[in-house]
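The values are calculated or read from the model by the stated rules, or taken from the named source; none is laboratory data. If you're wondering where the values come from, they're calculated on a predicted model, not measured in any experiment. Here the Cβ positions follow ideal geometry from the backbone for every residue, glycine too, while neighbour counts run over all protein chains shown. Protein only, heavy atoms only, side chains kept; ligands, DNA and RNA dropped before computing areas. Shrake-Rupley method; radii C 1.70, N 1.55, O 1.52, S 1.80 Å.
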Amino acid sequence: MIPEIEKASTAEIKTFQEEKLKETIKYLNENSPFYKRFFKENGIQISEIKTLEDLQKIPVTTKDHLQKFNNDFICVSKSEIIDYVTTSGTLGDPVTFALTDKDLERLAYNEAISFACCGIGKEDTLQLMTTMDRRFMAGLAYFLGARKLGSGIIRVGSGIPELQWDSILKFKPTYLITVPSFLLKLIEYAQQHDIDLKNTGVKAAICIGEPIREQDFSLNILAKKIIKDWDIELFSTYASTEMSTAFNECEIHKGGHHHPGLIIAEILDENNIPVPEGEVGELTITTLGVEAMPLLRFKTGDMVQAYTLPCKCGRNTLRLGPVVGRKKQMIKYKGTTLYPPAMYNILNDFSGIESYVIEVFHNELGTDEILIKIASSTISEELLLEIKDHFRAKLRVAPKIEFASSQDIEVIRFPPLSRKPVDLIDRRL
Ligand SMILES: [Zn+2]
């Protein structure tokens, strides 16, 4: 189930997207209170927006806009709205998204072609290990996508390894949809309860929420830990409520595929200009075919690298590499740009490190400083040097590292208002 346009040439894909873009701009100008005003305030003549390059004439939409003018983004009357979801706002107010019947159909189609990217077909059964309620979009999208593909789906929800295994053994799902670190919990449970991991019938897992690959597409430490004990294929998927679209890996595992019928993807620099090919920039999206809450040039905050060469799977669409980090967590350190996930990867690699926390702050010169606090039962100069060497080899710079007690680190990792432990304390904000 590969849409024809995804196998077309890049030139054909571009022309196809430009037609969709014109429709979208016209729709926004007629139906969106926010964009009607936005076009007027910024002197945008919508008849002048014809090509993907013309998008650069339009200022970007930010999370701030969404938070301040949430209701003005809605293009339909209340009676047209079927489903309400909210994005989890870690900073500021959460944003509400509304979906019409047509939007739910679009969401189903998106997930069906994304599942198909991972080789899922009608004969497969999926076990859904994420929540479907709590105003989240993802779980609902998975259910609708499976239904559209004709695949079976078992809605177990998140957590409870015992119930997950009961379902796996009873219904023999071929694919799991899960946060990858939860697979480690399932492995542990299986090992404690004599469940044979070689004969589960599970072929693969669709991994959400956490990265499973390094920037060169090799499996990261978490993924290696999983497949060491449980030999299943791991597929990465990247999506968000704002995009209402997923970028899923195909069987070649070289980035998440773009679906040109559903979204326009730009990779922009700090001045909102497209970055040169092969460079990291902020993913900025324009949704296509969305009825209730379409977005135009929305800056996602996720830093990614795009790959444009045709893929061996037969799709010619752009692919996104693993998310390098969040834009607001970007650290400028000794002439290098760093993101926390790259540092976590290095630290997680050391079995001698029991826990750690990274602190980022401005020094007296106003530039970024990094201090990594590490707890270890083997406090030694050798370990410190070894970690620093690793940093230099992988990131070209070595931040300040000091040893601390695990109690001290736990105190830092649980700030008073946080419900989850944090690995990064950003004191620059
Ligand atoms: Zn592919």
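May I ask you to verify whether SER158 is buried (at least 20 other Cβ atoms within 10 Å of the Cβ) and out of contact with any Pro (no Cβ under 9 Å at 6 or more places or on another chain)? Taking the combined requirement at face value, the residue does not satisfy it. So is ASP93 open to solvent by 50 Å² or more (accessible area, probe 1.4 Å), modelled with pLDDT under 95 and acidic (Asp, Glu) or not? Considered against the rule, which asks whether it is open to solvent by 50 Å² or more (accessible area, probe 1.4 Å), modelled with pLDDT under 95 and acidic (Asp, Glu), ASP93 comes out as yes.
The set of residues in the stretch 210-236 being within 16 Å of the ligand (Cβ to nearest atom) and out of contact with any Cys (no Cβ under 7 Å at 6 or more places or on another chain) consists of ARG213, PHE217, GLU233. Considering (1) within 16 Å of the ligand (Cβ to nearest atom); (2) among the hydrophobic types (A, V, I, L, M, F, W, C); (3) within 24 Å of GLY281 (Cα to Cα), the lone condition that ILE346 does not fulfil carries the number (1). For LYS170, the conditions (1) in a strand (DSSP E or B); (2) more than 24 Å from LYS225 (Cα to Cα) are fulfilled apart from (1). Among the residues of the stretch 321-332, is there at least one that is buried (at least 19 other Cβ atoms within 10 Å of the Cβ) and within 16 Å of the ligand (Cβ to nearest atom)? Yes: the stretch 321-332 contains one or more residues that are buried (at least 19 other Cβ atoms within 10 Å of the Cβ) and within 16 Å of the ligand (Cβ to nearest atom).
Residues in the stretch 1-55 that are loosely packed, with under 12 Cβ neighbours inside 10 Å and farther than 30 Å from LYS148 by Cα: GLU30, LYS40, GLU41, ASN42, GLY43, GLN45, SER47, GLU48, GLU53. Report yes if some residue within the stretch 36-44 is assigned to a helix (DSSP H, G or I) and within 26 Å of the chain's Cα centre (by Cα); otherwise report no. So far as the stretch 36-44 goes, no, none of its residues is assigned to a helix (DSSP H, G or I) and within 26 Å of the chain's Cα centre (by Cα). Of everything in the stretch 239-260, what is in a loop (DSSP other than H, G, I, E, B), away from the ligand (no atom under 16 Å from the Cβ) and not charged (D, E, K, R)? Give them in sequence order. Within the stretch 239-260, THR241, MET243, SER244 qualify. Of the residues making up the stretch 334-343, those that are outside any loop (DSSP other than H, G, I, E, B), in contact with a strand residue (DSSP E or B) (Cβ under 7 Å, 6 or more places away or on another chain) and open to solvent by less than 30 Å² (accessible area, probe 1.4 Å) number 3. Test PHE171 against the criterion of being open to solvent by 70 Å² or more (accessible area, probe 1.4 Å) and of a type in the set (Phe, Trp, Tyr), and give yes or no. Yes. Taken together, the residues in the stretch 67-83 that are modelled with pLDDT under 95 and either crowded, with 16+ Cβ neighbours inside 10 Å or outside the structural domain of LEU288 (by TED's automatic domain parsing) (or both) amount to 0. Among residues of the stretch 298-321 that are of a type in the set (S, T, N, Q), those with a beta-carbon under 7 Å from a residue that is open to solvent by 20 Å² or more (accessible area, probe 1.4 Å) and near the ligand (Cβ under 10 Å from one of its atoms) at least six positions away or on a different chain give the pairs ASN316/PRO310. Restricting attention to the stretch 200-223, report how many residues are farther than 21 Å from PHE247 by Cβ and modelled with pLDDT under 95. Number satisfying all stated conditions: 1.
Pairs meeting the criteria (first residue in the stretch 242-266 and within 11 Å of GLY321 (Cα to Cα) and open to solvent by 10 Å² or more (accessible area, probe 1.4 Å), second residue of a type in the set (Lys, Arg) and more than 8 Å from the ligand (Cβ to nearest atom), beta carbons under 8 Å, at least 6 apart or on different chains) are HIS253/ARG213.
Set side by side, the residues THR308, THR317 differ, and just one is open to solvent by 50 Å² or more (accessible area, probe 1.4 Å), over 23 Å from ASN363 (Cβ atoms), within 16 Å of the ligand (Cβ to nearest atom) and among the β-branched types (Val, Ile, Thr), which is THR308.
Looking across ILE353, ILE374, ILE346, ILE370, one residue alone is free of Cβ contacts under 8 Å to residues at least 60 places away in the same chain, surrounded by 15 or more Cβ atoms within 10 Å (Cβ to Cβ), part of a loop (DSSP other than H, G, I, E, B) and in contact with a helix residue (DSSP H, G or I) (Cβ under 9 Å, 6 or more places away or on another chain). It is ILE353.
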